[in-house]
Amino acid sequence: MFTISALRPRRSLPVTLGVAAVLGTSLVLPGLASAAPVLAYGPYTCAQNFVWREAFDGDTVCVGPGDRDIARAENGQASARRSPTGGAYGPDTCLPGFVWREARPTDHVCVDPSRRDRAVTQNSEGASHLADATQLPAGKVATRSDLIAGGGRIYLDGGKGLTPGGRVEFYAAGVNGTAVRPLGTRTADGKGELPRENTALAQVRCELKRDETATIVVLDVRTGVATTAGTSYAYSC
């Protein structure tokens, strides 16, 4: 295969990846990676020993079985913990001593304050508990990459469709194992958008073969929803 140099003479990439380096884009390389395993429950299938939380319909955040049982119990006690006369926060106002769980912004199940904190933690940890984060669906956030000596840099190329004012976490999946690797965090603006940046989100060292890429995972912590922002050759040697 012909190669072209990308930023450093000591490293070269296959033509398809070299073009991506010039254009500042990420490419999926058909036929170069081994076939991904079929996931029994779709892209949000949990890793072994984890299950969907199911705090609300469509909640696929992966948690331990005990946390799912607690979420179900909280749902069953929701009406008993809600003020029968409403209050400062409308008809879903909680009785004194309870707060909204907020496993997503519209989750108004009343729980102990420690359980709301736990829901945030569960959302943040969710991407780490997936069976294969490389198979997540594409979202509305984009990234780009370039190469430097011994590794590469990953940049945020902009995004939208996130929770306004919410924390957004970035991970790399598919780098020598099933675990995701943290890359950095950002905060969405009041419109749920992220700007294009010229400062690197992360600088990483090369660990993959030159024809392999990592998948960039984007996690909206307020909702617990994880998606992908393309692939990156920054880890490619």
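The values are calculated or read from the model by the stated rules, or taken from the named source; none is laboratory data. Since the structure is predicted, the reported quantities are computational estimates derived from the model, not experimental observations. Counting neighbours? That spans all protein chains shown, and the Cβs are built from the backbone with ideal geometry, glycine included. These area figures cover heavy atoms from the full protein model, side chains too; ligands, DNA and RNA do not enter into them. Shrake-Rupley method; radii C 1.70, N 1.55, O 1.52, S 1.80 Å.
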Residue among 114, 145 that alone is polar (S, T, N, Q) and open to solvent by 10 Å² or more (accessible area, probe 1.4 Å): 114
field: Tally, over segment 76-104, of residues that are more than 33 Å from the chain's Cα centre (by Cα) and open to solvent by less than 80 Å² (accessible area, probe 1.4 Å)
entry: 5
message: If residue 55 meets every condition in (1) open to solvent by less than 70 Å² (accessible area, probe 1.4 Å); (2) in a helix (DSSP H, G or I) apart from one, which number is that one?
response: (2)
- request: Kindly indicate whether any position in segment 120-129 is more than 21 Å from residue 185 (Cβ to Cβ) and among the hydrophobic types (A, V, I, L, M, F, W, C).
  value: no
query: If you go through segment 119-128 one residue at a time, do you hit one that is open to solvent by less than 30 Å² (accessible area, probe 1.4 Å), over 30 Å from residue 178 (Cα atoms) and touching a Phe, Trp or Tyr at 6+ places or on another chain (Cβ under 8 Å)?
result: no
message: For a quick check of your reading of the model, give me the residue pairs whose first member lies in segment 174-197 and is surrounded by 14 or more Cβ atoms within 10 Å (Cβ to Cβ), whose second is part of a loop (DSSP other than H, G, I, E, B) and β-branched (Val, Ile, Thr), with beta-carbon atoms closer than 8 Å and at least 6 apart or on different chains.
response: 174/213; 181/175; 188/163; 192/163
- request: Those residues that are of a type in the set (D, E, K, R) and part of a strand (DSSP E or B), I need them from segment 128-152; list them, please.
  value: 144, 146
- prompt: Can you spot a residue in segment 212-233 that is out of contact with any Gly (no Cβ under 6 Å at 6 or more places or on another chain), at pLDDT below 95, surrounded by fewer than 21 Cβ atoms within 10 Å (Cβ to Cβ) and within 11 Å of residue 174 (Cβ to Cβ)?
  reply: yes
message: What are the pairs with Cβ atoms under 6 angstrom where one residue, in segment 40-59, is of a type in the set (Lys, Arg) and the other, located anywhere, is open to solvent by less than 30 Å² (accessible area, probe 1.4 Å)? Sequence gap at least six, or different chains.
response: 53/59; 53/61; 53/63; 53/71
statement: If we ask which residues in segment 177-214 are among the acidic types (Asp, Glu), over 18 Å from the mean Cα position of the chain (by Cα) and closer than 13 Å to residue 159 by Cα, their number turns out to be 1
